[in-house]
1. Which pairs do you get when a residue that is within 18 Å of Gly20 (Cα to Cα), found in segment 34-52, comes within reach of a residue that is of a type in the set (A, V, I, L, M) and open to solvent by less than 80 Å² (accessible area, probe 1.4 Å), reach meaning Cβ atoms under 9 angstrom, with the pair 6+ apart or on two chains?
2. If we only count helices (runs of 4 or more DSSP H) wholly inside the chain, which ones have 3 or more residues that are at pLDDT 80 or above and aliphatic (A, V, I, L, M)?
Amino acid sequence: MDAHIYEISERRRVKALAQGETAPDIKGVSNYERAELRESAHRAMQVTPSETWIGRGLFFGVPAIILTVFLANSPF
């Protein structure tokens, strides 16, 4: 059983290294915190630049459209 888990973990590690991922090496951090840091680093690498621009567009664009419609319909 342990050999099977080691084999899967090693395969994941090799795949991650091939994709350019590196695990943070932080001393004095518990295993749970280290796992959380790895997971957040992995998630951050999964966001593409186009997705980032879509998020920025929604964040700034939707309020700008609402403000424009509000100002266009105001009576002054």
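1. Leu37/Ala23; Leu37/Ile26; Leu37/Val29; Arg38/Ala23; Ala41/Ala23; His42/Ala16
2. So the answer is 49-73.
The values are calculated or read from the model by the stated rules, or taken from the named source; none is laboratory data. Computed from a prediction, not measured in an experiment: that's the story for all the values here. Because the Cβ atoms are built from the backbone with ideal geometry, glycine has one as well, and the counts that use them run over all protein chains shown. Note: areas computed on protein heavy atoms with side chains; ligands, DNA, RNA excluded. Shrake-Rupley method; radii C 1.70, N 1.55, O 1.52, S 1.80 Å.
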